[in-house]
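Undergrad: Below are the structure tokens for one structure; questions will follow.
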Amino acid sequence: MGSTFAQQNVVKWYPLSMGTGMMKVGYERTLAPKHSLALDVKYRFPMNLNNSYYQSFNEGDDEVLSSKTTGYTIGFEYRFYTKDIGNNEPNNGFYLAPYFKYNKYGLDFEVKTTETFDVGINLDYSSYGGGLGIGYQWLVSDNITVDWFIVGGGAAINNLDFEYTNADPDEDFEKVKNDILTEEGIPGFIQDEMEIEAGSNFTKGSSKFLFGSFRSGLAIGIAF
């Protein structure tokens, strides 16, 4: 299958990413038999958190004034295919892929409480790391491919920055700080690396920690 394939470039689209409010596309270049370089970019469309969603887990009558989530992921792979191919055929079949991945995502959230005080939450997250993955690429016609990156695992350095503000003059930001440091819902490996401070109208902090990296995906490609 695909023995007449002369194209060595493949542009890819990951349709399952649309279900999470993202667009993911990729590109693969055959360098030599069994060797390819691949790049993919995933972008989160700006999304607003509306009042109905917020109130589904909030018992009060707080009003969402503004909210926005954004972000992107960039991934690089060097692929080694195990299948021997002809001179006019791009790499296909089973492959091993060392990879590098960078993520950056953010959330800005502002709420007006029932006491008419504005509350703001800002989160910024980024990570970079790498690992090793396995996958399989099919040539289903002269210019169509299906690429299944089955699974990849590794490690990444993660950076989390956050800030909480509240216009309520009675808000105790030192207590907010202590609550964050003792909150059981926050994993210990994040709390252990956390640096946090409280001011007159804010509590903010950051945490840098090592954690596992995961990678998977299914793409449809057009070769040229």
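Undergrad: Could you grab me the full set of residues in the stretch 137-153 that are under 25 Å from Tyr72 (Cα atoms) and surrounded by fewer than 18 Cβ atoms within 10 Å (Cβ to Cβ)?
TA: Of everything in the stretch 137-153, those that are under 25 Å from Tyr72 (Cα atoms) and surrounded by fewer than 18 Cβ atoms within 10 Å (Cβ to Cβ) turn out to be Val146, Trp148, Ile150, Val151, Gly153.
Undergrad: Also, quick follow-up: Does the stretch 158-173 hold any residues that are of a type outside the set (Phe, Trp, Tyr) and under 24 Å from Asp108 (Cβ atoms), and which are they? Talk me through it step by step, then tell me what you get.
TA: At the first step, the residues of the stretch 158-173 found to be of a type outside the set (Phe, Trp, Tyr) are 158-161, 163, 165-172.
Selection gives Asn158, Asn159, Leu160, Asp161, Glu163, Thr165, Asn166, Ala167, Asp168, Pro169, Glu171, Asp172.
Undergrad: Based on what the data block shows, is Thr73 touching a strand residue (DSSP E or B) at 6+ places or on another chain (Cβ under 6 Å), within 30 Å of Asn143 (Cβ to Cβ), at pLDDT 75 or above and not aliphatic (A, V, I, L, M)?
TA: yes
Undergrad: Considering only residues of the stretch 140-165 that are in a loop (DSSP other than H, G, I, E, B) and not polar (S, T, N, Q), which is farthest from Tyr128 (Cα to Cα)?
TA: Among those that are in a loop (DSSP other than H, G, I, E, B) and not polar (S, T, N, Q), it is Asp142.
Undergrad: Within the set of pairs 6 or more residues apart or between chains, which connect a residue that is within 12 Å of Glu197 (Cα to Cα) and in contact (Cβ under 8 Å) with a residue 24 or more places away in the chain inside the stretch 172-183 to a residue that is surrounded by 12 or more Cβ atoms within 10 Å (Cβ to Cβ) and hydrophobic (A, V, I, L, M, F, W, C) with Cβ atoms less than 6 Å apart?
TA: Cβ pairs passing all conditions: Phe173/Ala198; Glu174/Ala198; Lys177/Ile196; Lys177/Ala198.
Undergrad: Which one of these is over 29 Å from Val41 (Cβ atoms) and either hydrophobic (A, V, I, L, M, F, W, C) or in contact (Cβ under 8 Å) with a residue 24 or more places away in the chain (or both): Ala167, Ala223? Can you show your working first?
TA: Numbers: Ala223 fails: over 29 Å from Val41 (Cβ atoms).
None of the other options fit; the residue is Ala167.
Undergrad: Name the single residue, out of those in the stretch 140-162 being of a type in the set (D, E, K, R) and closer than 26 Å to Ser213 by Cβ, that is farthest from the chain's Cα centre (by Cα).
TA: Selected residue: Asp147.
Undergrad: Within the stretch 181-224, work out how many residues are in a loop (DSSP other than H, G, I, E, B) and either closer than 27 Å to Ser17 by Cα or under 23 Å from the mean Cα position of the chain (by Cα) (or both). Talk me through it step by step, then tell me what you get.
TA: Of the residues in the stretch 181-224, the ones in a loop (DSSP other than H, G, I, E, B) are 183-187, 192-193, 199-201, 224.
Still in the list and also either closer than 27 Å to Ser17 by Cα or under 23 Å from the mean Cα position of the chain (by Cα) (or both): 185-187, 193, 224.
The qualifying residues number 5.
The values are calculated or read from the model by the stated rules, or taken from the named source; none is laboratory data. Fair warning: this is a prediction, and the values are worked out from it, not measured in the lab. Here Cβ is always computed from backbone atoms with ideal geometry, including for glycine, and neighbour counts include all displayed protein chains.
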